[in-house]
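The values are calculated or read from the model by the stated rules, or taken from the named source; none is laboratory data. Given the structure is predicted, the values throughout are model-derived calculations rather than measurements. Don't worry about glycine lacking a Cβ; one is built from the backbone with ideal geometry, like all the others, and counts go over all protein chains shown. The area values use the complete protein model at the heavy-atom level, side chains included, leaving out ligands, DNA and RNA. Shrake-Rupley method; radii C 1.70, N 1.55, O 1.52, S 1.80 Å.
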Amino acid sequence: MRVIAITGKGGTGKTAVAGMLIKYLTSGSGTLLAIDADPDSNLPDVLGVKVEKTIGDMREFMLQERDSMPPGTNKETLLESKVYEVLAETPRYDLLVMGRPEGSGCYCFANNLLRGIMDRVLKNYDLTIIDTAAGLEHLSRRIIRDVNELLVVTDGSRRGLQTAERIRELAKSLNLNIGKMHVIANKITPENRMIVEEYARELEMDLVGSVPYDEILERYDLEGRPLMELPDDSKAFQGIKGIAGKMGL
Ligand SMILES: Nc1ncnc2c1ncn2[C@@H]1O[C@H](COP(=O)(O)OP(=O)(O)OP(=O)(O)O)[C@@H](O)[C@H]1O
Ligand SMILES: [Mg+2]
């Protein structure tokens, strides 16, 4: 069981990287789960999968129904079956969308159940790839406890690397038990390559690889075409293949 969360500054390309990694992994043989943990969910679009319901919807359902459930209802079993209802299955991978964040009610009860359930869900897969919102809030809330690697995406800007640096520090201070942190430089051009590499060295941050700025990818996103359909020889996908190889994926 290997669980990789993709993080990084907003707009650096986390979802695009997640989509292309999943595209790459669909040619492998292990069992694969994709999780969209961004409340402003767009991984399903990038993958070209329709998702109707989210984990957040099921958490709301539990809160609303909690008091009217017949005595003796096993709430954990019920919520677990609801989680499996949300799971979208495709031939080569499954997709779970976490959905909206909590409202103002008390979510401790549902979140505590969810933690145990998600631990079990993740154990069913050889590999889980989690696309996250910028920041580490989702990790600090710890609904998904078993993240053991971070893939931090930065772009050609200094601020992208500064965020990567903050994530490295935060991961340490939260005691997250993260075994490895990989940093990817995305949207790399001949103009920004040297600057990014030099700044990464200053921060003592090893780049696992870089993904070129790719006009085809940008056009696909603009047109709302899933990145799963990117041509295999597109520059960005070639970059991802190299990185996946280095990460042993
Ligand atoms: N290698 C690339 N080449 C060209 N454009 C890219 C590349 N990677 C990402 N983009 C573009 O950058 C924009 C942001 O990408 P994406 O949505 O993947 O970022 P994100 O980090 O997931 O953003 P958010 O923080 O909002 O979740 C998109 O318009 C996408 O098409
Ligand atoms: Mg995103």
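The count of lysine pairs in region 1-129 with alpha-carbon distances below 26 Å, taking only pairs 8 or more places apart or on different chains, stands at 15. On a per residue basis, the chain carries 48 Å² of accessible surface, using protein heavy atoms and a 1.4 Å probe.
Of the GluC sites (Glu not before Pro) in region 140-249, which ones lie in a loop per DSSP and count no more than 12 other C-beta atoms within 10 Å?
E191, E204
Determine the relative contact order of region 130-249: mean sequence separation of Cα pairs under 8 Å and six or more apart, normalised by residue count, in whole percent. That works out to 21 percent. Around R219, what is the net charge, scoring Lys/Arg as +1 and Asp/Glu as -1 over all other residues with Cβ under 13 Å from its Cβ? Result for the local shell: -4.
Show me the trypsin sites (Lys or Arg not before Pro) within region 43-77 that DSSP assigns to loop and that have at most 11 other Cβ atoms within 10 Å of their Cβ.
K50
Note that region 130-238, at 20 °C in a medium of 1.002 mPa s, gets a Stokes-Einstein diffusion coefficient of 140 µm²/s from its Kirkwood radius over C-alpha pairs. Reported value for the chain: 127 Å³ per residue, from the convex hull of its C-alpha atoms. Normalised by the number of residues in the chain, the mean separation of alpha-carbon contacts (under 8 Å, six or more apart) gives a relative contact order of 29 percent. Rounded to the nearest 10 square angstrom, K172 shows an accessible area of 130 square angstrom against a 1.4 Å probe. Other residues whose C-beta falls under 11 angstrom from the C-beta of F109 contribute a net charge of +2, scoring Lys and Arg +1 and Asp and Glu -1. The slack in the chain from L63 to D40, taken as 0.36 nm per residue of separation less the alpha-carbon distance, amounts to 6.1 nm. For K235, neighbours were defined as the other residues whose beta-carbon sits under 12 Å from its Cβ, and their charges (Lys and Arg +1, Asp and Glu -1) total -3.
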